[in-house]
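A.B. asks: Please see the structure below; I have some questions.
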Amino acid sequence: MNTKKLSRRNFLRGAAVVSGAAVLAACAPKPAATQAAPTTAPTMGPKPLTTEPITLRMWHWDNYMADGWKPVNAKFTEKYPNIKVSIEMTEYGEYSQKVAAAIAGGAVPDVTGTVAEHFTNMAGQGQLTDLTPYVDATKFPIDDYNKGNLSQNSWGGLLLSIPYTADGEWWFYQVDEFKKKGLKTPYQYWKEGNWTWDTATMLAEQLTSGTGVDKVFGWGGLGTGNYFEMLPYLASNGSGFFDEKYTKCLLSDPKSLELYQWGYDNRKFAPGPEDQQSGTPQSGHVMQWLDWSPYGLVYAPQMPFTYSYAPPPASPTTKKFVFCGDAPGFGILKGAKHPDESWALIAWLNTLDACETIFDYTGQEPPRISIATDTGLWQRNTKFVDSAVGLELTKARFNDGFYNTPKTSNFVEMWQAHNEEISLAWADKQPLKDALNKANDRIDALLKEATIDQDRLYWTPS
Amino acid sequence: MELVNRTGLPSQRRLNFRKWFRNFRFKTLISILIIPGAILFIAPFLWMLSTSLKDPKMVYIFPPQIIPNPAVWNNYIRAMTRLPFQDYALNTIQITVLCLIGHLLTASMTAYGFARLRFPGRDFLFILLISSIMLPTQVTLIPTFIIFRYLGWVDTFKPLIVPDWLGGVPFTVFLLRQFMTSIPIELDEAAKIEGANFFDIYWRIILPLIKPALGAVTIFVFLWNWNDFYYAVIYINSQNKWTLQLALNALHRSSAAPDRSFMEMEILMAASIVIMLPCLIIFFFAQRLFIQGIVITGVKG
Amino acid sequence: MKKTSGWNRLSLTRKEAIFGYIFILPWLIGFFALRLGPMIASFFLSFTEYAIISSPHFIGLANFVKMFTDDPSFLDSLRVTLTYAIFAIPIGMAISLAIAMLLNQKVPGVTVWRTIYYLPSVVSGVAVSTLWVWLFHSQFGLINLALGVIGIQGPAWLRDPDWALIALIIMSFWSIGGGMVINLAGLQGIPTELYEAASIDGANAWQRFWRVTIPMLSPVLFFNLIMGVIDTFQYFTNAYVMTNGGPGRSTLFYNLYLFQNAFRYYKMGYASALAWVMFLIILVLTLSIFKSSPYWVYYEGLRKR
C-alpha cells in the first residue's frame, strides 16, 4: 500500500475543491435573507404591524441627534409596546463603509440614515427600498416637503428616503466682537444688500489679531473641508460642480477659480492645520465660521460668547445667495427584516409632535415646510440662540435656492480627489490652477465610471 | 583581569582604585545615556495619565499643567459611561478567552502531531506550515470574508474566534513544535511501555513540559486579540457587538469630527488607559514569561 | 474471548498515522479552508470586477493594467509604504541594538530600565494610536510643547502632508522594546572570549563592534529585518485611526488602500489584485534578503560563503 507520501495529486485535488468552493461561494446568490424580504409595500391601506416583540435598529452618524430621537422613539414604543428602537451611531466618515459591510454581511439595519454621498452610495447601488407605495398607502403628507429636498432623497424617479430635517449651513459670527470693533455685522450687511465674499473677508481682516496660541482668526477659512460649503459658493458665482447635464466637472472653469482664489488669498485670516485647537469655534478664537444650522442650539451651552447668523455670503459678481442642499433622511435598506414597522417609525418621526420635540432638543429644522416656517415653533424654542434670525434664514433657504450634492454613485471618491489636490494647493505645494485642473481631470475620469441620476443640482422655487 | 589582592602594596591599591574609578565612570556614562532615553520612553505614559486627570479647561492651556491639581477622577467615570464600555469589555473578554482556549489547544495539538507522530506527507505539510508563516493576511482576506458572509457569520464573533480553533497561527505552532522536539523521546517511550496512547502522552507528558512556551503563546494570543482592530473593524457592525478597540475608535472619531476638531482629550486618555490596563497588569505579573517569550521567538526563529 | 476489533487489527504505523492526522486535523482544515483555498480564490478574483452585492465578472488583466497606469493612489501607497520601511526598519533596528548594548552592561537598576524600554511594546492598537494623536497635537501636544521649550516651532505633524509620515515613523521607535529584548538575549549569547581575542589582536571598540558583535548577532538581525518588512505591509491601525491615509495621501499605507478598495469602494476584484501584487513584492523583498544572507549572516560562527 502506498502510504509513503501524500500524493501530489491528492493534495492538488483537495486544494482545487476548496478553492473552487470559495469561488462558487463568491458567485453564489446573496444569502437567503436578502432575497426573501419584501421590497414593496401592500397596495391597499396601511398593513397592521407585527405583534411580536422586535427591536428596530436605527443607524445614524451624529451623536447629539440621538438626544432628539430618544424621546420620540420612546413615545413610539408607548404606542407599539412590542417594538423597541435601538439607535446605533457610526462616525460620518465611516458610515458608508459600515452600511456597505452590513449589506455585504447580510445583516442590514432597519431604519437607515441617509445623506449626500452616503445616500448616493446606497441609492446608486440600488440598495434602498422604494417608499412611494408606503407614502401612497398611508397618505403621507409628501406635498409638505420641498421638491429639492425630495430630489436629494430620490434616485431614478423613486423616492428612497424621507427627509428628517431640512437644515442648511449658516454663517455664524461672534456678536460682541463686532460691537467692540464698531463693525457692522454680517446680518446687517445682508439686510442692506451688501453681504458678499469681499465683505466677509474685509471683516475677517479687521477681526484677525495676535499670534501663536493666542491668535484670533477673522474667519474659519475655506478649502478642503466640506463640499456643503463649496458647492453653493460655486453656484453663487454662476459655476457649479458639474454642469446640469452631468457631462463634465466644472472645477477648472474660470468662475470656479474665482471662488477658490478667494479662499486661497484669505488664508492668512483663517486657522491653518497647525492651529489645531485655537482653530475650532469652541476655542473662541474664530470670529466667523460656516456651520450647520442646528448648532445654533447645540453651541449655546458650549460657547462662552454670544453668536448670531447670516446666510453664507453671495458672490460679489452676481449677489446671488445660494444655500447648501442637504436633506438627510431615513430610508429602508433592501433586506431589512421589518420594513413595515420601519416605515411606521419613519412616518412617526415626521409627525408634528415629533418634529417639534426633535427641534426642541437638537435644533433641527423640521423637514416639513409648514412646520419649519411656523413662527410659533421658533418662538417656543427658548434654547435656540437668536431664533428670530433662524426663522428668517430658514425661509430664505426655501426662497433663495440651494445646491444639492451631485447624484453620482462615487461622489465620495470625487470629493476625495478634490481634497487631495486642493490641500496641496493650500499648503503651497502646487499652484491653485494646477490643483483645480488636476482635480477636474480626475473627477471627469470618475464621472465616466459612475452611475448617475440625472436630476437638477440647483434648486430654486421656480 | 587578574584578581587583585586586596591587601596588596600601596601601588597595587592605587591600581585598584583607578580600575574602580574607570569602571564607575564607565557605568555613569552608560547611565547618562540610558536615563534620558528611559525618560523619553516613559513620558508618553505619564503624559497620558496626567491628561486623563485634568479638568477639561486645563487640557488646552499654555504653559501646560504637569501635575493636575485637582485630580479629576471623574473623567474616568465620564469616559466609561460615554459609551457602554462594560458591554464592550465583556465582548472583548469573551472573544479573547475563547480564542485563547482554542488556540492553545489546537496549536499544541498540531505541534505535537508534527513533532512526535509519523504520518505520510508530514514533512511536506510541515514545509507548507512554515511557508504560510510569511503569508500576508491580505491575500486570503477577501475570499475568507466571502466564506464567512456565506455562512452568515458576518457581524458575529465567529470569524474572530474560529480561526484560532483551526490550528491557531502557524507561528505559534512552529514555536511549540520546536519546543516539543527538544523534549527527550525517552519520556514518550517510557509512557508507551506503560500503555499510554498518543493522546495521553500529549496531554500528560508533553504539555506540562512545555509550560514556558505555552505561557509565552498565551501572552501573545491575549495581546493579539485584546488589541486587534483590523479583524474587528471588518467583521463587526452592530454597536452592541463592538470590542473595546472599536469603542475607543468610535469615541475618538466622535470627538474629532473633521470640521470640529475639538477633542475631549481627558476622556480619550482616560478611556485609553483603561483599555491598556489589562495588558500592563498582565505584563507586570508575568514579566519573566514575557521576556522569555520574546527571546524564544527571536532566537529560535 | 474478545474479538479483535477492527481498530486493534491495524498495524502500529497505521495507527500512528491516523493519530497524526487527527492531531493536525484542525490545522489541516484551517489551512485549506482559510489559507490555501482563499489564496487561490483571491488569485482568480483579481481578474474580476466584484462588488460583493453582485456577482463577479471576468475582466482579464484590467485591474493590473489600471493599477500600474491609471492609479495614482496605488503608486502613492507603494511610495508611502516603502518610504516607511526604508526609514523605520533600519533606524529602529539601530536604536534597539544601541539600547540593548547599553543595557547589556552591569549598570545598577538594569531590570528597571529594561522594563521601561520594553513596556511600550506591550500595548498596541487604538489606545496607542489615540495617545500619539494627542502627543502630536500641533499646539498642545507634548512633542511640540517640548520643542517649544527649546525654541523650535514644531510642525503640524499629523495635519501636515510633509510631516505626517515622519510622525508615524517616529512613533514606531517607541515600540522597539520587543526587538531590543531579542537583541539583548543575542548579545548575552556572544562568548566573551571572542571580544578578548579581538582586543588581544588590537581591535578597538568600534572594530570589535563590527567584527564581533554584528556578525554574531546577524541571525537575529536577519530575523528582525524580515519581520520588519512583512509587518510594514501589514501596517493598518495607526494609519486608519490617526490619519486615515491623509493629509492628502501622505500616509496612505498599502494595507489601508487595500482595505478602502475592499470595504469602502466595494472593489473586491481590484483589492484582490492589490493583495497579490503585495504578496509578490514581499516575496521579492524577502527572497532578496535571503539571497543576500550568505554575505552577512553568520550561523554559529561559520561563514556561509
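What follows is calculated from the coordinates using simple rules that are stated; it is not laboratory data. It should be emphasised that the depicted structure is a prediction, and the values quoted were computed from it without experimental measurement. Don't worry about glycine lacking a Cβ; one is built from the backbone with ideal geometry, like all the others, and counts go over all protein chains shown.
A.B. asks: Determine, for each peptide in A:236-243, B:11-18, A:184-191, the mean count of other beta carbons within 10 angstrom over its residues, then list the peptides with the highest first.
C.D. replies: In decreasing order of mean packing, A:236-243, B:11-18, A:184-191 become A:236-243, A:184-191, B:11-18.
A.B. asks: So for the pair B:ILE205, C:ILE29, with labels modelled 7 Å out along Cα→Cβ, what separation do we get in nm?
C.D. replies: Once both label points are built, they end up 2.8 nm from each other.
A.B. asks: Fewest Cβ neighbours within 10 Å first, please rank C:ARG9, A:ARG267 accordingly.
C.D. replies: By the 10 Å Cβ count, ascending: C:ARG9, A:ARG267.
A.B. asks: Right, something else. Write down the Kirkwood hydrodynamic radius of region B:10-75, to one decimal in angstroms, obtained as one divided by the mean of 1/r over all alpha carbon pairs.
C.D. replies: The Cα-based Kirkwood calculation yields 15.4 Å.
A.B. asks: Averaged over C:103-110, how many beta carbons belonging to a partner chain fall within 10 Å of each residue's beta carbon?
C.D. replies: Mean shielding by partner chains, rounded to a whole number: 4.
A.B. asks: Now a separate question. Only sites in a loop by DSSP and with at most 10 other Cβ atoms within 10 Å count here; which chymotrypsin sites (Phe, Trp or Tyr not before Pro) in region C:7-95 make the cut?
C.D. replies: The qualifying sites are C:TRP7.
A.B. asks: As a quick test, which of the pairs A:LYS191/A:LYS255; B:LYS158/C:LYS267; A:LYS147/A:LYS245; A:LYS248/C:LYS66; A:LYS147/A:LYS184 have an alpha carbon distance above 30 angstrom in this structure?
C.D. replies: A:LYS147/A:LYS184
A.B. asks: So for B:SER50, C:SER293, fewest C-beta neighbours within 10 Å to most, what's the order?
C.D. replies: Ranked by crowding around the Cβ, least crowded first: C:SER293, B:SER50.
A.B. asks: So if I restrict to the alpha-carbon atoms in chain B, what is the Rg, and what is Dmax, the biggest pairwise distance, in Å?
C.D. replies: Using the Cα atoms of chain B, the pair Rg, Dmax is 26.5, 87 Å.
A.B. asks: Now, a different point. What average count of beta carbons from other chains do you get within 10 Å of the Cβ of residues in C:218-226?
C.D. replies: If you average over the peptide's residues, the count of other-chain Cβ atoms is 2.
A.B. asks: Please compute the Cα-Cα pair-distance distribution of region C:65-171 with 10 Å bins starting at 0, giving whole percents from short to long.
C.D. replies: 12, 28, 35, 18, 5, 1, 0
A.B. asks: Just need log10 I(q)/I(0) for region C:107-258 at q = 0.12, 0.19 Å⁻¹, Debye formula, equal scatterers on the alpha-carbon atoms, no solvent, rounded to two decimals.
C.D. replies: So the normalised log intensities work out to -0.70, -1.15.
A.B. asks: Using the Cα atoms of the protein assembly as shown, I'd like the radius of gyration and the largest Cα-Cα distance, Dmax, both in angstrom.
C.D. replies: For the protein assembly as shown, the Cα-based Rg and Dmax read 32.4, 116 Å.
A.B. asks: Considering the Cα positions of chain C, please state its Rg to one decimal place and its Dmax as a whole number of Å.
C.D. replies: Every Cα atom of chain C included, Rg and Dmax give 25.3, 95 Å.
A.B. asks: Give me the one-decimal nm value for the distance between modelled label points at C:TRP296 and B:ILE193, 7 Å along each residue's Cα-to-Cβ direction.
C.D. replies: The modelled label-to-label distance comes out at 5.3 nm.
A.B. asks: Evaluate the relative contact order of chain C (contact order divided by residue number), counting alpha-carbon pairs under 8 angstrom at least 6 apart; express in whole percent.
C.D. replies: Dividing the mean separation by the residue count of chain C yields 26 percent.
A.B. asks: As an exercise, use a Förster radius of 56 Å and the Cβ-Cβ distance of A:THR306 and B:ARG14 to find the FRET efficiency, rounded to the nearest 0.05.
C.D. replies: 0.10
A.B. asks: Under DSSP H, which helices of chain C have Cα atoms covering 15 Å or more of the helix axis and a Kyte-Doolittle average no less than -0.5?
C.D. replies: C:12-30, C:72-103, C:177-188, C:214-234, C:268-296
A.B. asks: Let me ask something else. Grab region A:331-451 and count how many Lys pairs have their alpha-carbon atoms under 22 Å apart, sequence gap of 8 or more, or different chains.
C.D. replies: Eligible lysine pairs with Cα atoms under 22 Å apart amount to 6.
A.B. asks: Sticking with this structure for a sec: So which aspartates and glutamates pass the test for A:LYS320, namely a Cα distance under 19 Å, with those fewer than 8 places away in the same chain ruled out?
C.D. replies: A:GLU169, A:GLU192, A:ASP198, A:GLU229, A:ASP243, A:GLU244, A:ASP253, A:GLU258, A:GLU392, A:ASP400
A.B. asks: With springs only between Cα atoms under 10 Å apart, run a GNM on chain B and tell me which of B:ARG22, B:ARG78, B:ARG122 wobbles the most.
C.D. replies: Evaluated over chain B, the most mobile residue of the options is B:ARG22.
A.B. asks: For chain A, rounded, prolate or oblate, judged on the Cα gyration tensor with a ≥ b ≥ c (square roots of eigenvalues), a/c < 1.5 rounded, else prolate if a/b > b/c?
C.D. replies: oblate
A.B. asks: Highest first, please rank the peptides B:87-93, B:227-233 by the mean number of other Cβ atoms sitting within 10 Å of their residues.
C.D. replies: By packing density, highest mean first, the sequence is B:227-233, B:87-93.
A.B. asks: Okay, next question. Excluding same-chain residues fewer than 8 positions from B:LYS27, which lysines have a Cα within less than 18 Å of its Cα?
C.D. replies: B:LYS19, C:LYS106
A.B. asks: When Cβ neighbours within 10 Å are restricted to other protein chains, what is their mean count per residue of peptide A:82-95?
C.D. replies: Rounded to a whole number, the mean comes out at 3.
A.B. asks: I would also like to ask the following. Cut-off is 10 Å between beta-carbons; in what order do C:PHE222, A:PHE305, A:PHE76 appear when sorted fewest neighbours first?
C.D. replies: Starting with the residue having the fewest Cβ neighbours, the order is A:PHE305, C:PHE222, A:PHE76.
A.B. asks: Let me ask something else about it. For chain A, what is the mean residue ellipticity at 222 nm derived from helices alone (per DSSP H run of n ≥ 4: -39500 (n - 2.57); sum divided by total residues; nearest 500 deg cm²/dmol)?
C.D. replies: My calculation for chain A gives -13000 deg cm²/dmol from helical runs alone.
A.B. asks: Let's test the formula: R0 of 25 Å, r as the Cβ-Cβ distance of B:LEU40 and C:GLN105. What FRET efficiency results, to the nearest 0.05?
C.D. replies: Once rounded, the FRET efficiency stands at 0.85.
A.B. asks: Subtract the Cα-Cα distance of B:ARG118 and B:THR81 from 0.36 nm times their separation in residues, and report this length gain in nm to one decimal.
C.D. replies: Gain on stretching B:ARG118 to B:THR81: 7.8 nm.
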